[in-house]
Every structure is written in C-alpha cells, then in structure tokens.
Amino acid sequence: MRTICCAVGFVLLAGVGSGASASANGKGDSFAYIGTYTDHGDPPPTSKGIYLYRMQAGSPRLIPLGLAAPMSNPSFLALHPNGRFLYAVSENFDYQAHNGTVSAFSVEPKTGRLVPLNTVSSRGAGPCHISLDRTGKLALVSNYGSGSFAAFPLRADGRLAEASAFLQYSGKGVDPKHQEGPHAHCVVASPDNRFAIAVDLGLDKLLVYRLDPAKGSLEANDPPFYKLKPGAGPRHFTFSPSGKFAYVTNELASTVTAFAYDAGPGRLTELQTLGTLPAGFSGLNATSELQVHPSSKFLYAANRGYDSIAVFAIDPAKGTLALVEQAPVKGKWPRHFAMDPTGSYLLVANERSNNLVVFGIDAQTGRLTPGQEIKVSSPTFAMFMPVK
C-alpha cells in the first residue's frame, strides 16, 4: 500500500472567514487541527485527512470548519514557530515498503486553510511523529515501522528539503510482540536547541544527540543514550517550560518517568518512575501522549485501555510528580490530546470511539471537567494555533 498525499489545490472550508461563526473580531480565537487515520482501523475509517475547527476566545466549544487538507493517514502534525507552515507525516502500515512520506503546507492566517507545498520520503516505514527544532529550520521525523529517525531542512518558503541526517537503529527489547526490533517514536529538541532527544520504544532508550540546525546534523552526545527499565517501551518525551525537568511516558509499562535535565552537557538524571493506572487495574493499557501545562504545575498523560487522562501535580523545586486524578475521557483509546494556548482547555482525540472531547482545566488543581463532544472518524492528533 502506497500512501498518497495532498490532492492538488485545497479544500474550500464552509463558513471560514465569514465572521458568522467567529467571535466579534476573532481576537483570542484559536484554530484546532485534527489528524486522522484514513485507511487504518476496523471498521475502516471515513476520514479524508486533516480537519479544522475554531474555538472562540473564552469559549469551550469547537466550531467545525471542514476538511483542511486531503491526505492519507496524517497521524501527527507540527506547526512552524512562525505559524505560516504546517507539516504532517503520512503513516503507512506496510512496514516492508519503507514508503512513508512527510508533507508541507502553507497556512492561510485568517481562514486556517492549508495549501500543499511539497512531499518528500520519510526515509522509512510508518512515520508516526514529527516535531520541529526551536528555530524552525529542521523537521525531525520518527519512522516507527523501520526504527529510524531523519532530519529534514526547511526552506524559507516552507518546503521540505530531502533528509540531511538519517539514523537507522538495530536490536530488540524484552517484549517479543512490541519490541522485536527498533521502533522510533519521538524526537524533541531541547529548550536551548543544542540537543535532540530521540525516543525508541523497541530498544527502551532515550538517545541524546548534539543538534546543529544550520548543518541539519545530529551527532551522538556523550553519553549517547539513557537506558530505561527493560520492557518500559518509551513513547513520547517532553521538557518542562523551565527546561530543568523532562518527562517520558512509557507505553508498555504504563508509567511516567521524571528526569532532571542538565542543559550544559545535555544529561538526563532519573528522578522518579510512577504508574499511570489505579491500583488493582489489570486490563490492557498503553499510554500515549503526555504534556506539561503552561503553568508548569501539572503533567497530563493519556491511558489507552483504561481510557483516562492521568493528572499529576509537579513539585516546582524537585520536578517530581504526585497523582491528582484519573479523568475518564468519555471515549475509547485516547491517542493524543492538546491544550489551548491559554491552558484553559484540553482537547482529547479518542481514536476508537471516533470522537473529540473538550475538557475544562482547573487552574488551581489541574483537574479536568468534560464538556463538548464532537464525532470525528478515527482521530489521532490534536493541535491548537492562535488565530492571527
């Protein structure tokens, strides 16, 4: 199966820019982009690509604006720091074909519509994650199926250049089903943009690279990696806003690990590992996304199977975590979530129940209160962008 991306031209969005469904002047509004699976699932999904919504300032409700861009399996997206360009992986599931792709779009600032720019090979199979370095010069892509990472320079016009760095891994972990080989799952640039942390689920490793956006290069740091507990299955990694701490969600073990981060040498020191599930739960579960609240007070981690968002309070001095609550997601298999720019709302994409749910965030406790639900076929990703 060959992924096909980006029909020529763009999809006109009903109601976009009309003002009828936006706030009086649009100030403080946000767009929400939703990535989906288009041909992966049982029953097969009906989604066609990337979808667009608008959230009015101070409102917990999303207004649907239609299909922003037709695309095959746009399971993960990334926004350029300047807000003018958006990038998406096309996650294929033929892991033998190595035919994953990455696509670039320009963003129309008033309407949020996406105009395709170009598409390049991801250099591997099953690209599942994309992020940008802090300056917006490089796109960092993780190929889950083939266990490889690649870096792509970004041109001034937003287009993707061919890969400037490529890292292929080998080996396996202790879980014969999920760790039969390397499975690259995430790459994140450090807050000072000097390092990149690459996460491999199959090898139980966080690999640390010296990052040079100008050259488009990734070179192994010293030490070159941090080894997690065998069978942990690390998935997604994030830094705290201060850059002093970092966190990884371990998909196979249903845990979160907290680290102290020394920015000088790019060194991680483990502080704590704790579970994301309530005591006594023995069913199937796999963690997915995790994010730190903009206030630095809370960390959120999604459970697929137990179908909840685990909310943790963060000790501001130590970076350690304490469980606040397990908030049900009002759906099944929360693959991803996003917080709006104000940190007031959290939007969950429930892949297997085909719905989005908006939650209010209590600024004092971090607790979540469910609100609006919207039907979307096989949502895999959510992201907010301020309306300019």
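Below are the figures for this structure:
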| quantity | calculated |
| --- | --- |
| Filtered residues of the stretch 345-366 (kept if in contact (Cβ under 8 Å) with a residue 40 or more places away in the chain and under 23 Å from residue 315 (Cα atoms)) | 345, 346, 360, 361, 363, 365, 366 |
| Number of the condition not met by residue 270 [criteria: (1) over 23 Å from residue 349 (Cβ atoms); (2) under 19 Å from the mean Cα position of the chain (by Cα); (3) in a strand (DSSP E or B)] | (2) |
| Strands (runs of 3 or more DSSP E) enclosed by the stretch 336-388 - at least 1 residues per element that are over 19 Å from the mean Cα position of the chain (by Cα) | 355-361, 368-375 |
| Residue within the stretch 367-375 that is in contact (Cβ under 8 Å) with a residue 24 or more places away in the chain, surrounded by 21 or more Cβ atoms within 10 Å (Cβ to Cβ), farther than 17 Å from residue 249 by Cα and of a type outside the set (Ser, Thr, Tyr) present | yes |
| Of all residues in the stretch 263-298 being surrounded by 15 or more Cβ atoms within 10 Å (Cβ to Cβ) and touching a residue at least 60 places away in the same chain (Cβ under 8 Å), the one that is farthest from residue 324 (Cα to Cα) | 266 |
| Criterion (modelled with pLDDT of 95 or more, touching a Lys or Arg at 6+ places or on another chain (Cβ under 9 Å) and crowded, with 18+ Cβ neighbours inside 10 Å) met by exactly one of 77, 62 | 62 |
| Odd one out for residue 66, checked against (1) in a strand (DSSP E or B); (2) free of Cβ contacts under 8 Å to residues at least 60 places away in the same chain; (3) over 30 Å from residue 344 (Cβ atoms) | (3) |
| So residue 260, is it surrounded by fewer than 19 Cβ atoms within 10 Å (Cβ to Cβ) and either at pLDDT 95 or above or under 22 Å from residue 75 (Cα atoms) (or both) | yes |
| Selection from the stretch 341-360 of residues that are touching a Ser or Thr at 6+ places or on another chain (Cβ under 7 Å), surrounded by fewer than 22 Cβ atoms within 10 Å (Cβ to Cβ) and on the phi < 0 side of the Ramachandran plot | 341, 360 |
| Residues (in a loop (DSSP other than H, G, I, E, B) and either aromatic (Phe, Trp, Tyr) or in contact with a Cys (Cβ under 7 Å, 6 or more places away or on another chain) (or both)) located in the stretch 284-335 | 306, 333 |
| Where a residue in the stretch 115-135 is acidic (Asp, Glu) and its partner, wherever it lies, is assigned to a loop (DSSP other than H, G, I, E, B), with Cβ under 9 Å and at least six apart | 133/193; 133/213 |
| Options 17, 26, 9; residue that is surrounded by fewer than 23 Cβ atoms within 10 Å (Cβ to Cβ), within 24 Å of residue 155 (Cβ to Cβ), over 24 Å from the mean Cα position of the chain (by Cα) and at pLDDT below 95 | 9 |
| Residue in the stretch 311-318 that is at pLDDT 95 or above and within 19 Å of residue 370 (Cα to Cα) present | yes |
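Let's see how each residue does on (1) farther than 21 Å from residue 148 by Cβ; (2) in contact with a strand residue (DSSP E or B) (Cβ under 7 Å, 6 or more places away or on another chain):
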residue	(1), (2)
216	no, yes
224	no, yes
233	no, yes
238	yes, yes
251	no, yes
259	yes, yes
263	yes, no
270	yes, yes
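The values are calculated or read from the model by the stated rules, or taken from the named source; none is laboratory data. What you are looking at is a predicted structure, and each value in this text was computed from that prediction instead of being measured. Here the Cβ is made from the backbone with ideal geometry for all residues, glycine too, and neighbour counts use every protein chain on show.
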